[in-house]
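Here the structure is laid out as structure tokens; the discussion comes afterwards.
The values are calculated or read from the model by the stated rules, or taken from the named source; none is laboratory data. These numbers come from a predicted model, not from an experiment. Glycine also receives a Cβ, built like all others from the backbone with ideal geometry; neighbour counts cover every protein chain displayed.
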Amino acid sequence: MNFPLPQALRSLTPNVHAWLPDGHATWGMANCVVVTGRHAGSGAALLVDTPYTADMTRHLQQLIAALGEGKGTSEGKRDDDDGSAARPDIRTVVNTHGNGDHSYSNGLFPGAEIIATDANGEHLCAEPSPAALAGLIAGSDPDTAFGAYVKRHFGRYGDFGGVPVVRPNRTFSGELDLDVDGVAVRLIEVGPAHTAGDLIVHLPEEGVVCAGDVLFNEDHPVHWAGPLEAVHRACVRILDCAPRVVVPGHGPVMTPADVRRYADYVWDLRAAVHRGHAAGRPLPVLAAELIAEDPYPHWGLPERMAVLAAIEYRALDGVTERPDLVGLLAFAAGFAHDRVSGTAAGSVPARSSG
């Protein structure tokens, strides 16, 4: 690894601890959340999402183990830590969705029950495997826009393909209630939105929602399923939980006001894409215009708006076949190259929209 990782978990409550890598303006640095039980000696714990790579996961596992010693948080010991806390045992893993940066390391928690939605399997059919991603990175030409983008954002991880893919062994539709040694956990299906099979994790007594990639903070989002109306609806469902703290899939923790601001961004972008489609704007031209008029220039990765426009155009055009995720990434990479090289917006006439 050639990037820093958190040296502590952030304690959101005595029983909820967030892993928040600094992933601004890059792909793959996803948040994870550890939920520990109420009784210090039980050791029962649940993990929301698993990191992209084995090295990242082993680092996270060290921090989880330190929770049993009262040292694993940035805010000191847990309120119930009397020095006898058991080392947390991750007995349950919840995948909020099927993207690799939230599920590739499932296999490093042997024996754990791995839970996702029934619909998550549809996205897994389209998601590149770790080995396929490793091959894509190795085989991409860095002198092309796509090759340079892939190597910059994904080549930094280095060890894709080293962990076997382990899929969820328990699935559900709708809602599922769990108990982590006295901590109530509600899994709520909100997809299709970011992917076909999204869920959020609501901890009602803790006042916390883990949103997965329904929410991004400080970066422009990318959504592979949509349409954007569905993403907005998922945001509203998060707010309906009346949380105190929301953990997005990427970026710093959020307040309800932050979530509302993000939902407004999604709705406004949807309106702009619909206007462009109704006016007959070619997708590459509209995408270039959206990026040039970026309403949040301090956010990273504005090229992702090209993916959002492409997904929305698919919905408006009634396209139902599975999207080409790599093709959509290549579409976005072209706009990132344009921005760096100073190519005039919209001057590249034809890119694959996936």
Count of residues meeting criterion [crowded, with 23+ Cβ neighbours inside 10 Å, part of a loop (DSSP other than H, G, I, E, B) and touching a Lys or Arg at 6+ places or on another chain (Cβ under 9 Å)] in segment 41-50: 0
Hey, can you tell me all the residues within segment 290-305 that are in contact (Cβ under 8 Å) with a residue 24 or more places away in the chain, in a helix (DSSP H, G or I) and either aromatic (Phe, Trp, Tyr) or closer than 22 Å to residue 224 by Cβ (or both)? 291, 304, 305
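Taking segment 306-328 on its own, how many of its residues are assigned to a helix (DSSP H, G or I) and either of a type in the set (D, E, K, R) or under 15 Å from residue 194 (Cβ atoms) (or both)? Give the steps one after another, and end with the answer.
Kept after step one, since they are assigned to a helix (DSSP H, G or I), are these residues of segment 306-328: 306-316, 325-328.
Filter again for either of a type in the set (D, E, K, R) or under 15 Å from residue 194 (Cβ atoms) (or both), leaving 307-308, 310-312, 314-315, 325, 328.
Residues meeting the conditions: 9.
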With respect to the numbered conditions (1) under 19 Å from residue 89 (Cβ atoms); (2) touching a Pro at 6+ places or on another chain (Cβ under 8 Å); (3) outside any strand (DSSP E or B), which one is the sole condition not fulfilled by residue 38? (2)
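From 213, 240, 179, grab the single residue that is within 20 Å of residue 47 (Cβ to Cβ), free of Cβ contacts under 8 Å to residues at least 40 places away in the same chain and assigned by TED's automatic domain parsing to the domain that holds residue 34. Give the derivation first.
Values: 213 fails: free of Cβ contacts under 8 Å to residues at least 40 places away in the same chain; 240 fails: within 20 Å of residue 47 (Cβ to Cβ).
After applying the criteria, what remains is 179.
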Identify all residues within segment 102-124 that are touching a helix residue (DSSP H, G or I) at 6+ places or on another chain (Cβ under 9 Å) and either within 15 Å of residue 249 (Cα to Cα) or part of a loop (DSSP other than H, G, I, E, B) (or both); write none if there are none. 103, 104, 105, 109, 112
Going by what's in this entry, would residue 193 be described as hydrophobic (A, V, I, L, M, F, W, C), touching a strand residue (DSSP E or B) at 6+ places or on another chain (Cβ under 9 Å) and within 19 Å of residue 326 (Cα to Cα)? yes
Of everything in segment 90-113 that's more than 20 Å from residue 55 (Cα to Cα) and either at pLDDT below 95 or more than 14 Å from the chain's Cα centre (by Cα) (or both), which residue is surrounded by the fewest Cβ atoms within 10 Å (Cβ to Cβ)? 113
Looking for something closer than 22 Å to residue 300 by Cα and of a type in the set (Ser, Thr, Tyr) - is there at least one such residue anywhere in segment 29-49? no
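Residues are listed down the side, and each one gets a yes or a no for (1) within 20 Å of the chain's Cα centre (by Cα); (2) hydrophobic (A, V, I, L, M, F, W, C); (3) surrounded by 19 or more Cβ atoms within 10 Å (Cβ to Cβ); (4) at pLDDT below 95:
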| site | (1), (2), (3), (4) |
| --- | --- |
| 177 | no, no, no, no |
| 183 | no, yes, yes, no |
| 189 | yes, no, yes, no |
| 192 | yes, no, yes, no |
| 199 | yes, yes, yes, no |
| 204 | no, no, no, no |
| 207 | no, no, no, no |
| 210 | yes, yes, yes, no |
| 215 | yes, yes, yes, no |
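Going residue by residue through segment 256-273, is there one that turns out to be touching a residue at least 12 places away in the same chain (Cβ under 8 Å), within 27 Å of residue 136 (Cα to Cα), surrounded by fewer than 16 Cβ atoms within 10 Å (Cβ to Cβ) and touching a helix residue (DSSP H, G or I) at 6+ places or on another chain (Cβ under 7 Å)?
Pass one, segment 256-273, residues touching a residue at least 12 places away in the same chain (Cβ under 8 Å): 256, 258-260, 262-263, 265-270, 272-273.
Still in the running and within 27 Å of residue 136 (Cα to Cα): none.
There is no residue in segment 256-273 that is touching a residue at least 12 places away in the same chain (Cβ under 8 Å), within 27 Å of residue 136 (Cα to Cα), surrounded by fewer than 16 Cβ atoms within 10 Å (Cβ to Cβ) and touching a helix residue (DSSP H, G or I) at 6+ places or on another chain (Cβ under 7 Å).
Within segment 102-124, can you find the residues that are touching a Gly at 6+ places or on another chain (Cβ under 9 Å) and over 16 Å from residue 61 (Cα atoms)? Explain how you work it out, then say what you get.
Going through segment 102-124, the residues touching a Gly at 6+ places or on another chain (Cβ under 9 Å) turn out to be 102, 116-124.
Matches in segment 102-124: 116, 117, 118, 119, 120, 121, 122, 123, 124.
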Positions within segment 137-155 being in contact (Cβ under 8 Å) with a residue 12 or more places away in the chain, of a type in the set (A, V, I, L, M, F, W, C) and farther than 21 Å from residue 223 by Cβ, in sequence order: 137, 145, 148
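Name every residue in segment 274-320 that is among the polar types (S, T, N, Q) and touching an Asp or Glu at 6+ places or on another chain (Cβ under 9 Å), in order of residue number. Steps first, please.
Pass one, segment 274-320, residues among the polar types (S, T, N, Q): 320.
Within segment 274-320, no residue meets the criteria.
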Segment 32-65, residues that are touching a strand residue (DSSP E or B) at 6+ places or on another chain (Cβ under 9 Å) and free of Cβ contacts under 8 Å to residues at least 12 places away in the same chain: none
